[in-house]
Amino acid sequence: MRFGHDPGLVSSRILQYTYGVRGRVTYDNKLHANMGNVEVNLKDDGKVVENGFIVLARAGEEVKLGDERTQYGVPTHDGQVFTTFRIIRTQCPHPILSNEYGCHQIGTLTVHHPEGNSGWDRGMAVTFLFGDTELKVKMTVEKTGRTFFLSIDCLH
């Protein structure tokens with residue numbers, strides 16, 4: 001039985017889980033007002049939710065071998081010189097918060113980005129690479145092109 005363990009035998013997969021990262025999202029009164037465990041902060045541009053679930057791929061979605069999904073972001077503070085990304089998965093296809101029932105942190109990746117004068121100078125791209133027997137997460141500092149990787153075994 002090599003079917004599920006040999007990525008060369010499979011051209012695509014249907015995802016069992018929704019994958020994403022914990023991150024800051026804009027507060028939406030219709031979505032967040034009646035939810036428990038919402039971490040809300042006031043920022044210059046209004047209310048933000050600190051523990052949002054930023055989806056890169058949804059449960060039930062088909063991904064081909066080598067598919068990539070990318071999300072761009074910036075540090076939350078101008079003086080911030082590193083960012084820790086929390087990789088989250090859940091069986092729910094439409095999660096709102098990264099700490100809602102069924103969400104599990106499956107990995108972390110810390111990216112050091114001391115270059116630049118502001119948060120926008122330290123922009124990053126997080127890319128999930130799907131289709132193999134493990135999930136690969138790639139973080140790239142946009143200004144320098146420096147890249148960091150994390151592999152997460154999806155067979156366990």
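Go through segment 131-156 and give me each residue that's part of a loop (DSSP other than H, G, I, E, B), modelled with pLDDT under 80 and within 17 Å of the chain's Cα centre (by Cα). Answer for segment 131-156, where residues must be part of a loop (DSSP other than H, G, I, E, B), modelled with pLDDT under 80 and within 17 Å of the chain's Cα centre (by Cα): G131, C154. In the set L65, L109, L97, only one residue is touching a residue at least 60 places away in the same chain (Cβ under 8 Å) and over 16 Å from T18 (Cα atoms); that residue is L65. Could you tell me whether any residue of segment 43-58 is small (G, A, S) and either touching a Pro at 6+ places or on another chain (Cβ under 6 Å) or modelled with pLDDT of 90 or more (or both)? The answer is yes; a qualifying residue exists.
Remark: pairs (first residue in segment 1-24, closer than 24 Å to H104 by Cβ and assigned to a loop (DSSP other than H, G, I, E, B); second residue at pLDDT 60 or above and among the basic types (K, R); Cβ separation under 6 Å; 6+ apart in sequence or on different chains) = Y17/R89. Within segment 69-84, how many residues turn out to be at pLDDT 85 or above and surrounded by 15 or more Cβ atoms within 10 Å (Cβ to Cβ)? Final tally of qualifying residues: 2. Quick check, is Y101 loosely packed, with under 15 Cβ neighbours inside 10 Å, among the hydroxyl-bearing types (S, T, Y) and out of contact with any strand residue (DSSP E or B) (no Cβ under 8 Å at 6 or more places or on another chain)? Yes: the conditions hold for Y101.
The values are calculated or read from the model by the stated rules, or taken from the named source; none is laboratory data. Since the structure is predicted, the reported quantities are computational estimates derived from the model, not experimental observations. Please note: Cβ atoms are built from the backbone with ideal geometry, for glycine as well, and neighbour counts cover all protein chains shown.
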